[in-house]
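Peer 1: Take this structure first; my questions come after.
Every number in this text was worked out from the coordinates using simple rules, so none of it is lab data. Please read all numbers here as calculations on a predicted model, not as lab measurements. When we count neighbours, we look across all protein chains shown, and the Cβ atoms used for this are built from the backbone with ideal geometry, even at glycine.
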Amino acid sequence: MTNRVCELFGVRYPVVMGAISQTPELAAAISNAGGLGCIAGAAAPTEQMREKIRRFRELSDKPFAINFPIVLTPEKQLNEKMHLMLEEKVPVVITSAGNPKLWTAFLKDGGCKVAHVLPTLYHAKKAVEAGVDAIIAEPAESGGYRGEQEVSMMVLIPTIRRAFPQVPLIAAGAVADGPGFAAVMALGAEGVQLGTRFLATVEANAPEHTRKLILAAIDTSTMSAEGRVKPRVSKPDFSMEVLGEKRQVQMGQVSALITDIKPVEAVMRELIEGGFAAARASADALGELAAARV
Ligand SMILES: Cc1cc2nc3c(=O)[nH]c(=O)nc-3n(C[C@H](O)[C@H](O)[C@H](O)COP(=O)(O)O)c2cc1C
């Protein structure tokens, strides 16, 4: 195992799939490629969820996660599903959009690893108090549920890193390639969670309108949605231009960097090998500056 996130989740690479899909097939492709596949847990009824977990296990013997945005999962169902996590011995549960105190101890006592997705240092403190195994920090740029606050990746990761050096930290969002991966690792993250990039893979099999919007997006094509959890979505005027209708699709600002639909394996290679190349190029450039200082 190569770092704390790999060790915690039992994966080869510290690359987590965001909760972009309920399909075990995509999660299995990502776990089989060395990352941590994830099945979105909010929507499917409990028994369907059990089938999805079992289907995943037919496709992969690797670790995986189930994600629950707490305030978006009906309470009775959430209760049933949390018990299901223990019954089915789900290795990792990722909670988001809600209070980490509610379920962390229950899940950990039952043998699950628990990571919580959060958008600010204030929320990180609450997650650490709740005893989470890892923090997934989601900045303003990301395609996820960031709530009212708009903290950028450049500030969020170092702030949480300094406050809680003892807790494994994963950066969620704004990463699609090697340079992005190298950048968040330089800021102090020990892993990354990708949503939009994995949505634009062959295995994600996303609807045509989603693919079109991600591929056409530029830096200004997304905005924060209204409402309680405020995911990032495509702007209505941009959707109109691309699709001929004002349909809004959840996607990150990083869509601007995504220009193709490719297999999961290729995304993973680009992150790991491209990340190493980008980090080395930065180290070389900084090394020259440091040498010139004398
Ligand atoms: C279509 C879509 C659906 C998502 N659904 C969830 C969800 O159910 N629960 C959750 O915690 N995050 C959800 N997210 C956020 C992702 O898990 C991930 O943190 C985020 O997409 C990372 O940002 P990126 O898109 O810039 O990579 C979703 C993101 C997208 C794009």
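Peer 1: Which lysines have a Cα less than 29 Å from the Cα of Lys246, not counting those fewer than 8 places away in the same chain?
Peer 2: Correct list for Lys246: Lys212, Lys230, Lys235, Lys262.
Peer 1: Hydropathy at least 0.5 by Kyte-Doolittle, axial extent at least 27 angstrom from the Cα trace: which helices of the chain, defined as entire DSSP H runs, fit? Intermediate values should be presented prior to the final figure.
Peer 2: Numbers: long enough: 264-292 (41 Å, 0.64).
Helix filter hits for the chain: 264-292.
Peer 1: Let me ask another. When the Kirkwood hydrodynamic radius is evaluated over all pairs of different C-alpha atoms of the range 1-154, what value in angstrom, to one decimal, is obtained? All intermediate terms of the calculation are to be shown ahead of the outcome.
Peer 2: Numbers: mean 1/r = 0.0647 Å⁻¹.
Hydrodynamic radius (Kirkwood, Cα pairs) of the range 1-154 is 15.5 Å.
Peer 1: For the range 219-228, what does the Karplus curve 6.51 cos²θ - 1.76 cosθ + 1.60, with θ = phi - 60°, yield as ³J(HN,Hα) per residue in whole Hz, taken in order and with x for Gly and Pro?
Peer 2: These are the phi-based 3J(HN,Hα) values: 4, 9, 7, 10, 8, 7, 6, 6, x, 5 Hz.
Peer 1: Provide the three semi-axes, in whole Å and in decreasing order, of the ellipsoid equivalent to the range 4-292 as defined by the square roots of 5 times the Cα gyration tensor eigenvalues.
Peer 2: Details: eigenvalues 144, 110, 76 Å².
Gyration-tensor ellipsoid for the range 4-292: 27, 24, 19 Å.
Peer 1: Still on this structure: Could you tell me the calculated FRET efficiency between Phe164 and Met240, based on Cβ-Cβ distance and R0 = 30 angstrom, to the nearest 0.05? List each step's numbers first, then the result.
Peer 2: On the way: r = 43 Å, r/R0 = 1.44.
It comes to 0.10.
Peer 1: Still on this structure, I have one more. Between Ala115, Ala186, Ala171, where does the largest GNM mean-square fluctuation fall for the chain, given springs only between Cα atoms within less than 10 Å?
Peer 2: Ala186
Peer 1: Quick one: Ile136, Ile258, fewest Cβ neighbours within 10 Å first, how do they rank?
Peer 2: Working: Ile136 28, Ile258 21.
Result, fewest neighbours first: Ile258, Ile136.
Peer 1: Which FRET efficiency value, to the nearest 0.05, do you get for Glu47 and Ala225 by plugging their Cβ-Cβ distance into 1/(1 + (r/R0)^6) with R0 = 30 Å? List each step's numbers first, then the result.
Peer 2: Working: r = 31 Å, r/R0 = 1.02.
E between Glu47 and Ala225, to the nearest 0.05, is 0.45.
Peer 1: Here's another thing I want to ask about it. Taking the Cβ of each residue in Cys38, Cys112 as the centre, tally the other Cβ atoms inside 10 Å and list the residues starting with the fewest. Mind dumping the intermediate values first?
Peer 2: Numbers: Cys38 27, Cys112 22.
Ranking Cys38, Cys112 by Cβ neighbours within 10 Å, fewest first, gives Cys112, Cys38.
Peer 1: Using amide H atoms built in the peptide plane, which far-off residues or other-chain residues are under 5 Å from Ser96 H to H?
Peer 2: Hits under the 5 Å cutoff: Phe68, Ile70, Val117.
Peer 1: Next question, about the same structure. Given the rule -39500 (n - 2.57) for each run of at least 4 DSSP H residues, summed and divided by the residues of the chain, what is its mean residue ellipticity at 222 nm, to the nearest 500 deg cm²/dmol? Walk me through the intermediate numbers first.
Peer 2: Values: 12 runs with 129 residues, N = 294.
Helix contribution divided over all residues of the chain: -13000 deg cm²/dmol.
Peer 1: Taking the Cα centre of each part, how many Å lie between the range 233-294 and the range 85-150?
Peer 2: With the range 233-294 and the range 85-150 each reduced to a Cα centre, they are spaced 25 Å.
Peer 1: Between Gln248, Gln193, Gln166, which gets the highest mean-square fluctuation from a Gaussian network model of the chain, Cα cutoff 10 Å?
Peer 2: With Cα springs under 10 Å in the chain, the top fluctuation among Gln248, Gln193, Gln166 is at Gln166.
Peer 1: Using the Kirkwood formula on the Cα atoms of the range 241-294, what hydrodynamic radius do you get, in angstrom to one decimal? Can you show the working numbers first?
Peer 2: On the way: mean 1/r = 0.0674 Å⁻¹.
Final number for the Kirkwood radius of the range 241-294 is 14.8 Å.
Peer 1: Sticking with this one: Once you put a point 7 Å from the Cα of Leu286 and another 7 Å from the Cα of Tyr122, both along the Cβ direction, what distance in nm separates them?
Peer 2: In this crude spin-label approximation the distance works out to 3.2 nm.
Peer 1: Here's another thing I want to ask about it. Given the chain, what percent of its DSSP beta bridges are antiparallel, to the nearest 5? Kindly include the intermediate steps, with their values, before the conclusion.
Peer 2: Working: 4 of 32 bridges.
Bridges in the chain are about 10 percent antiparallel.
Peer 1: Which residue, Glu141, Glu208, Glu150, has the most motion in a Gaussian network model of the chain that connects Cα atoms within less than 10 Å?
Peer 2: Of Glu141, Glu208, Glu150, the most mobile in the Gaussian network model is Glu208.
Peer 1: For the range 124-280, what is one quarter of the convex hull surface built on the Cα atoms, given in nm²? Intermediate values should be presented prior to the final figure.
Peer 2: On the way: hull surface 38.1 nm².
So the Cα hull casts an average projection of 9.5 nm².
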